[in-house]
1. Compute the angle between helix 51-65 and the longest alpha-carbon principal axis of the chain, please, reported from 0 to 90 degrees and rounded to the nearest 10.
2. Roughly how tilted is helix 13-34, in degrees to the nearest 10 and between 0 and 90, from the longest Cα axis of the chain?
3. Taking other Cβ within 10 Å of each residue's Cβ, how do ARG219, ARG79 sort, fewest first?
4. Give the Cα extents of the chain along the principal axes, in whole Å, largest first.
5. Report, by chain and number, residues whose modeled amide H sits under 5 Å from the one on LYS344, excluding near sequence neighbours (fewer than 5 apart, same chain).
6. For the chain, what is the mean residue ellipticity at 222 nm derived from helices alone (per DSSP H run of n ≥ 4: -39500 (n - 2.57); sum divided by total residues; nearest 500 deg cm²/dmol)?
7. So what are the stretch 75-128's ellipsoid semi-axes, whole angstrom, largest first, if each one is the square root of 5 times an eigenvalue of the alpha-carbon gyration tensor?
8. Beyond a 22 Å Cα-Cα separation, which of these cross-linked pairs lie in this structure: LYS29/LYS134; LYS313/LYS344; LYS161/LYS313; LYS29/LYS138; LYS39/LYS161; LYS39/LYS134?
Amino acid sequence: MNENQRNIISSTVPVLREGGLALTSHFYKRLFLHHPELKNSFNMGNQKSGKQQQALAMAVLAYAEHIANPGVLLPELERIGHKHVSLDIRPEHYPIVGNHLLASIKEVLGDAATPEILEAWELAYQELADLMIKLEAKMYQDQSSLPGGWTGWRPFVVSKKVDESEEITSFYLKPSDGGKVVRHIPGQFISLKVFLPDLGLNQARQYSLSNVPNDNEYRISVKRENDSRLNINGMISNHLHDRIEEGGIVNLSAPAGSFTLVEPLNRPLTLISGGVGVTPLLSMLETMAASTLTHPLTWVHACRNKSVHAFRKPVQQLASSHTLIEQHVFYDAVDAQDKKEGIKEGPMDLEKLPPLREDSRFYICGPAGFIKAQHAALLEMGFPQESIFFEEFGPQTIHLN
């Protein structure tokens, strides 16, 4: 792209701010009309909720805003690349998306989409596609080169199901070929794909790995969704609870994700979770506890009550057996026994804790509102932005950094 074309892309920023969601909504409708088979690759739950359209609109806007120096978006592009690799997105998918994105720009903007604007966006998209293809090629290569590694979808056997609370069940997954698995990095996720008969579609969803890395198996811990207005993501989770028994087969992609501990681990850690957001942080906690822990680790968790408090006893045991691990728990409502055990009444309030260590790194995972609240609280308490990390399940719609 030349400078004039980059200026043209910059000139479309106000339009994208105002109508980006309309553009991406039109794009997805058009894409699935012409390529219905892609419904098996996209998360239709996120389509129905609008989260995917919103996430794409924000990503397109960010790219346009930084078209003069797209390198500043590299961390975000890497995060997207991890999602793509986990869903087996390949180079041949990019021209399909590009064709329908450009057609959508023309159809939504009408006469405002001049030949010059369309040409500039075609070149801009191709530059972005080339960057993503190169980035994802390295990720695929890294996955396949590791011991036990693979790319694409691999069948796994559910070797064991364990209830962790009234809502959350752990699924232990071993390769059906009896082989080894890639050791994940604590905080990473896998994509799990199943066929949903009610939709007639294959659907994939990301689940954080909740166990200590090893060569033999993975563990995911899945929340049953009880909302009567069940969305497609909930259908996948409940399909696992209700229809996948021990001995059943599911397809997994290799571990991916960038929500991992920053090296070197030479500072205190504070792990803050809400509800099922405990899963990636539990992998971090148990891995750190199994190694030589040299700095304080503070565990802070919030949920409704003890009946839905997953991994309560394992975390209590770790906290009682490691002098450097400190635990704090909030319940929405507490009873006399909870108070005796030191459970605090929620919602989570970090100000109620002993002073948090000023040189700590913070890792937050939970519902979007929970993440925003804890992030804001930490900033208000004076902790620097660069010390706070978070993971939002699904397409990223939170931009706090």
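Just so you know, all these numbers are worked out from the coordinates, no wet-lab data involved. Everything quoted here is computed from the prediction, not taken from an experiment. Quick reminder, even Gly has a Cβ in these numbers, built from the backbone with ideal geometry, and neighbours come from all protein chains shown.
1. 60
2. 90
3. Values: ARG219 21, ARG79 16.
Ascending Cβ contact count within 10 Å gives the list ARG79, ARG219.
4. Result, largest extent first: 70, 50, 44 Å.
5. Long-range HN contacts for LYS344: VAL329, PHE330, TYR331.
6. Working: 12 runs with 166 residues, N = 401.
Only helices count here, giving -13500 deg cm²/dmol.
7. Values: eigenvalues 132, 27, 18 Å².
Taking √(5λ) for each Cα gyration eigenvalue gives 26, 12, 10 Å.
8. Numbers: LYS29/LYS134 28 Å; LYS313/LYS344 17 Å; LYS161/LYS313 18 Å; LYS29/LYS138 31 Å; LYS39/LYS161 29 Å; LYS39/LYS134 25 Å.
Checking Cα-Cα distances, LYS29/LYS134; LYS29/LYS138; LYS39/LYS161; LYS39/LYS134 exceed 22 Å.
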